[in-house]
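Here is the structure we will look at.
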Amino acid sequence: MDIKEQLQNKINNKTKPLGSLGVLEEIALQIGQIQNTLSPKIEKPTLLVFAADHGLADEGVSPYPKDVTWQMVMNFCAGGAAINVFCKHNKIDLKVFDVGVDYDFPESLPVETIKIARGSRNMRHEPAMTLTECETAMKTGKDIVQREAKNGCNTIAFGEMGIGNTSASALLMHKFTGLPIEDCTGRGAGLDGEKLDRKTELLKEIAANYNPETPVEILATFGGLEIATMTGAFLEAKKQGMIVLVDGFIASAALLTASKIDSSVTENAIFCHSSNEKGHRKMLEHLHARPLLNLNMRLGEGSGAAVAFPLIKSAVAFLNEMASMEDAGVAGKE
């Protein structure tokens, strides 16, 4: 009997009707298989936020200026953002990384600077990153995750901050799924009406300007430094056998990219919510993913992963702590 069968038997023999804990049973089964044990554990849950600027923001694809990227990083450092609140209350270790913000943060701040460049380039005129920059960002994500694993973390989530990154994610989605740009492009931080139409037309123009072939070339052309870092982080988290919590549209675009490099990466991925950003549901369908929550969130930062984390803890808890039929002296189904 393999580990999947053993886990399913353990789940089925708990003091409950078969399948009555629904998706929690599926999560428990998945986590047990990730850790190859009947008694999985969540150790040092950590959420890493990667921040970077996007040259495409100069084209008005967001209602907010690029300066909001560094200003929000300052907010993370001050503990004032949604992700700070959710991580604090759910006992998740939050760490912030500058991988490409066009701003110099004081060394005294709790942000680790691994600046690959001062933002990506304007895709309207040239690829977002050179291949070297993209590969460096991916290695940065890999190295950070390796360090977290060595520190004992086995449950990890990734967030992002970067004005313009829904545009980069929409382009990646379009290239990897073949869906029309119109199906991939949403409001981002709040575009409406003519401005949203202009964003869509601009992304169609950009998509037609380039023809990269490999997943890494596509990522370098259309992605962002924080998305590339997250892609490398997803790949390494799978290699490390970690439980990987996937946030919303941008995080899913990075996971989608990673899956085109190594399709097994989704085996460790728990998709935490369905974002209200247009395109996310179809992206999840392409990944054959069923999200845990649908709260109409579209904030980013890793917020959906942090909010969903108590559900993951509940799945592990019932598997480890709930009595079996035999232990409780309860008669099973006839």
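Each reported figure results from applying straightforward, stated rules to the coordinates on display, with no laboratory input. The structure displayed is predicted, hence computed values, not measured ones. Counting neighbours? That spans all protein chains shown, and the Cβs are built from the backbone with ideal geometry, glycine included.
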For the range 247-261 versus the range 301-334, the gap between their alpha-carbon centres in whole angstrom: 28 Å
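Given axes a ≥ b ≥ c from the Cα gyration tensor, I'd like to know whether the range 43-157 is rounded (a/c under 1.5), prolate (a/b larger than b/c) or oblate. Show your work: numbers first, answer last.
Working: a/c = 2.18, a/b = 1.40, b/c = 1.56.
Since a/c reaches 1.5 but b/c is at least a/b, the shape of the range 43-157 is classed as oblate.
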Selected from S263, P63, G162, residue furthest toward positive end of dipole (the chain; charges at beta carbon): S263
Within a Gaussian network of the chain (alpha carbon springs, distance under 10 Å), most fluctuating of C77, C184, C134: C77
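With a ≥ b ≥ c the root eigenvalues of the C-alpha gyration tensor of the range 46-318, is it rounded (a/c under 1.5), prolate (a/b larger than b/c) or oblate?
On the way: a/c = 1.37, a/b = 1.24, b/c = 1.10.
Note, shape of the range 46-318 comes out rounded.
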Considering only the range 46-318, percent of DSSP beta bridges that pair antiparallel, nearest 5: 0 percent
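What does the charge dipole of the range 80-233 about its Cα centre add up to, to the nearest 20 debye, if the Cβ of each Lys and Arg holds +1 and the Cβ of each Asp and Glu holds -1?
Details: 17 positive and 22 negative charges, 73 e Å.
Dipole of the range 80-233, to the nearest 20 debye: 340 debye.
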Pairwise centroid distance, computed over Cα atoms, of the range 28-42 with the range 51-123, Å: 33 Å
Computed E for E182/S263 - FRET, C-beta separation, R0 25 angstrom, nearest 0.05: 0.40
Among R121, R147, R198: highest mean-square fluctuation, GNM of the chain, C-alpha pairs under 10 Å: R147
Packing-based order for 12-19, 272-279, using average beta carbon neighbours within 10 Å, highest first: 272-279, 12-19
Given charges at Cβ of Lys, Arg, Asp, Glu: the chain dipole, positive-most of M1, A81, G178: M1
Cβ charges +1 (Lys, Arg) and -1 (Asp, Glu), total dipole of the range 170-259, debye: 200 debye
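Beyond 23 Å between alpha-carbons counts as too far, so tell me which of K175/K282; K44/K150; K175/K199; K44/K313; K142/K199 fall in that bin. Walk me through the numbers before you get to the answer.
Details: K175/K282 14 Å; K44/K150 11 Å; K175/K199 17 Å; K44/K313 12 Å; K142/K199 32 Å.
K142/K199, as the Cα separations exceed 23 Å there.
From Cα pairs below 8 angstrom and at least 6 apart in sequence, can you work out the relative contact order of the chain, rounded to a whole percent? Please list the in-between numbers first.
Numbers: 658 pairs, mean separation 80.6, N = 334.
That works out to 24 percent.
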Between 0 and 90°, nearest 10: helix 131-150 axis offset from the chain longest Cα axis: 30 degrees
Dipole magnitude (debye, nearest 20) for the range 46-318, charges at Cβ of Lys, Arg, Asp, Glu: 760 debye
Phi to ³J(HN,Hα) by Karplus 6.51 cos²θ - 1.76 cosθ + 1.60 over the range 88-100, Hz, x for Gly, Pro: 4, 6, 9, 6, 10, 6, 9, 10, 10, 10, 8, 9, x
Distribution of pairwise C-alpha distances over the range 150-285, 10 Å bins, in %: 13, 45, 32, 9, 1
